[in-house]
Amino acid sequence: MNQTIDTKQAPKAVGPYSQAVVTGNLVFLSGQIPIDPATGAVVEGDISVQAEQSCKNIGAVLKAAGADFEDVVKTTCFLKDMKDFAAFNAVYAKYFAGKPARSCVAVRELPKGALVEVEAIASLL
């Protein structure tokens, strides 16, 4: 049976989905945009500030699922502007030191005008 993850330490979903779902030994995290869970607003700032908040949100959901960044096996990253790639990578590398598999693409627009969104899959083994 699947377990839905819901923590107040990360932003509430902005649509009809959950923060994460645990099925078997895998945790599938929904994409996290840089919303401050305390205010419900996207943090103001450049890609580094927003990437930091998105990664903090991922960390909170991982923790609620009984995992941490070392357990992440795959991420998908969405950037509003690929010119932010290097600055994003500098922040990302601090959190995902284990270098999970990753895709990173530019998209036309993200929810709430965010500059970045990060989703992840983690293993509980």
Cβ crowding within 10 Å averaged over residues, with 32-44, 13-25, 101-113 ranked highest first: 32-44, 13-25, 101-113
With unit charges on the beta carbons (Lys and Arg positive, Asp and Glu negative) and the dipole taken about the Cα centre of the chain, which residue among Val61, Phe85, Pro100 sits farthest to the positive side? Pro100
Work out the charge dipole of the chain with +1 on the Cβ of Lys and Arg and -1 on the Cβ of Asp and Glu about the Cα centre, then indicate which of Ile33, Pro11, Thr23 is farthest towards its positive end. Thr23
If you build the Cα gyration tensor of region 52-103 and take the root of 5 times each eigenvalue, what three semi-axes come out, in whole angstrom, biggest first? 20, 12, 10
If eta is 1.002 mPa s and T is 20 °C, what Stokes-Einstein diffusion coefficient results for region 1-67, Kirkwood Rh from Cα pairs, in µm²/s? 177
Got a sec to turn the phi values of region 97-110 into Karplus ³J(HN,Hα) couplings, 6.51 cos²θ - 1.76 cosθ + 1.60 with θ = phi - 60°, whole Hz, x for Gly and Pro? 5, x, 6, x, 4, 7, 10, 9, 10, 8, 10, 5, 7, 10
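Can you tell me how the chain classifies by the Cα gyration tensor, rounded, prolate or oblate, using a/c under 1.5 as the rounded cut?
Numbers: a/c = 1.78, a/b = 1.29, b/c = 1.38.
It is oblate, given that a/c is not under 1.5 and a/b is not larger than b/c.
Can you tell me, using C-alpha contacts under 8 Å and at least 6 residues apart, the relative contact order of region 16-124 as a whole percent?
Computed over region 16-124, the figure is 38 percent.
Quick note: the coordinates plus some simple rules give every number you see, no bench work behind them. It should be emphasised that the depicted structure is a prediction, and the values quoted were computed from it without experimental measurement. Note: ideal-geometry Cβ built from the backbone for every residue, glycine included; neighbour counts use all protein chains shown.
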